[in-house]
Amino acid sequence: MTIGRGTPLIDLHAHTSASDGGDDPRELVEAAAAAGVEVLAVTDHDTVAAVAEARVAGRRLGVEVLAGCELTALVGGRVVHVLLYGDGLLAPDLGEAVEVARRGRHQRNLAIGARLLELTGVGYEEAAAIAGGSALSRAHFARALVARRVVVDVAQAFDRYLSSGRPAYVPAPNVPMTDAVALAGKAGGVAVLAHPGRLGDGERDRVLAEAVEAGIDGIEVWHPQHDAELRRRLEGFVGRHGLLATGGSDYHGIHKPSVRLGSGVDGNVAVPRELLDVLLDRLANSAAT
Ligand code: AMP
Ligand code: MN
Ligand code: MN
Ligand code: MN
């Protein structure tokens with residue numbers, strides 16, 4: 001039963017402090033319950049470490065927590081994000097496989113830190129101090145640059161130093177899309193291309209087609225960065241290819257303050273119950289085979 005008021009909400013994309021979210025697993029689920037979210041997928045980058053603790057809180061608060069993660073994958077010459085869903089991801093060997101990229105991220109963070117230190121005098125140590133116990137990402141380097149007044153805000157930190165093509169940019173470790181799809185298969189789960197709206201108009205169709213070629217199971221249709229027109233087009237694509245449609249807020253807590261659990265930015269995410277039912281059916285059937 002839902003705790004919040006109004007229609008029960010569904011959110012299939014959310015982060016905790018196990019990756020780059022601001023809330024620890026318990027806080028995430030408390031925020032979800034307060035927002036009226038009935039079903040929440042925990043989808044940290046490169047780890048499923050937060051799922052068990054989120055489930056404990058979920059049982060207490062009446063929020064069903066689905067196991068997931070968000071990997072960085074290469075398809076059609078583009079680095080994209082892919083959401084994996086399925087309880088099988090919690091098995092130790094698959095958890096290990098999910099974490100491969102996380103280990104690669106450490107090397108990447110050292111490389112970003114070395115470049116930034118040379119460029120600005122702000123390096124790895126300061127970003128790590130800001131991250132505290134949570135997984136270090138470019139967001140923490142950006143906040144370190146703001147704290148030391150090298151830039152005025154996080155956006156400027158990305159524009160000047162950290163975005164692709166800027167001098168401290170180092171690509172995130174990634175896996176071929178076919179590996180991400182295979183990992184989901186081993187877990188008895190599904191792989192879903194995350195937020196295709198981040199792709200440029202000129203490349204989206206090609207990347208979508210190549211993701212299908214690589215065996216992707218679904219497409220994230222609802223996302224704060226997708227407008228109604230893009231959603232319609234993605235729904236058409238999903239229908240033509242017999243794929244799953246999913247959606248979520250991509251909640252990061254205080255690190256993305258405009259994004260609300262269950263409803264995105266100004267209510268632009270509203271995942272229909274039917275999408276969840278199709279996903280749950282698919283997960284139950286995959287796990288059984
Ligand atoms: P990483 O996973 O290390 O590549 O870092 C990704 C993090 O940086 C995520 O939390 C993003 O939301 C954040 N990020 C990426 N690009 C930008 C940007 N242009 N402005 C603000 N935050 C960004
Ligand atoms: Mn993130
Ligand atoms: Mn993403
Ligand atoms: Mn995400």
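The values are calculated or read from the model by the stated rules, or taken from the named source; none is laboratory data. These numbers come from a predicted model, not from an experiment. Here the Cβ is made from the backbone with ideal geometry for all residues, glycine too, and neighbour counts use every protein chain on show.
May I ask you to list the residues in segment 11-41 that are of a type in the set (D, E, K, R), surrounded by 21 or more Cβ atoms within 10 Å (Cβ to Cβ) and not in a loop (DSSP other than H, G, I, E, B)?
ASP11, GLU38
Based on what the data block shows, is GLY236 surrounded by 21 or more Cβ atoms within 10 Å (Cβ to Cβ) and either among the aliphatic types (A, V, I, L, M) or modelled with pLDDT of 95 or more (or both)?
So GLY236 does not fit the description; no.
The rows are residues; the columns are (1) away from ligand 3 (no atom under 16 Å from the Cβ); (2) in a helix (DSSP H, G or I); (3) over 30 Å from ALA211 (Cβ atoms); (4) touching a His at 6+ places or on another chain (Cβ under 9 Å).
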residue: ALA114; (1), (2), (3), (4): yes, yes, yes, no
residue: ALA135; (1), (2), (3), (4): no, no, no, yes
residue: PHE141; (1), (2), (3), (4): yes, yes, no, no
residue: SER164; (1), (2), (3), (4): no, no, no, no
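Restricting attention to segment 143-162, which residues are free of Cβ contacts under 8 Å to residues at least 24 places away in the same chain, assigned to a loop (DSSP other than H, G, I, E, B) and of a type in the set (A, V, I, L, M, F, W, C)?
Correct list: VAL151, VAL152.
Within segment 199-219, how many residues are without any contact (Cβ under 8 Å) to a residue 40 or more places away in the chain and either more than 16 Å from ligand 4 (Cβ to nearest atom) or over 15 Å from ALA180 (Cβ atoms) (or both)?
The number of residues fulfilling the criteria is 9.
Just wondering, is there one or more residues in segment 45-53 that are within 15 Å of GLY262 (Cβ to Cβ), in a helix (DSSP H, G or I) and either of a type outside the set (S, T, N, Q) or more than 16 Å from ligand 2 (Cβ to nearest atom) (or both)?
Within segment 45-53 (the criterion being within 15 Å of GLY262 (Cβ to Cβ), in a helix (DSSP H, G or I) and either of a type outside the set (S, T, N, Q) or more than 16 Å from ligand 2 (Cβ to nearest atom) (or both)), the answer is no, since none of the residues qualifies.
Quick one: in segment 235-289, of everything that is of a type in the set (Asp, Glu) and not in a loop (DSSP other than H, G, I, E, B), which residue is nearest to VAL82 (Cα to Cα)?
Applying the filter and picking the extreme gives GLU235.
When segment 143-157 is examined, which residues are found to be within 23 Å of the chain's Cα centre (by Cα) and among the aliphatic types (A, V, I, L, M)?
Hits for segment 143-157 are ALA144, VAL154, ALA155, ALA157.
Given (1) in contact (Cβ under 8 Å) with a residue 40 or more places away in the chain; (2) away from ligand 1 (no atom under 16 Å from the Cβ), identify the lone condition not met by GLY77.
(1)
It is to be established whether one or more residues within segment 187-196 are within 16 Å of SER19 (Cβ to Cβ) and assigned to a loop (DSSP other than H, G, I, E, B).
Yes, segment 187-196 has at least one match.
Would you check if ASP20 is at positive phi and within 16 Å of ligand 3 (Cβ to nearest atom)?
no
Out of (1) over 30 Å from ARG206 (Cα atoms); (2) within 14 Å of ligand 2 (Cβ to nearest atom); (3) touching a residue at least 24 places away in the same chain (Cβ under 8 Å), what's the single condition that is false for LEU83?
The one condition LEU83 does not meet is (1).
Which condition from (1) buried (at least 16 other Cβ atoms within 10 Å of the Cβ); (2) away from ligand 3 (no atom under 16 Å from the Cβ) is the one that ARG204 breaks?
ARG204 satisfies every listed condition except (2).
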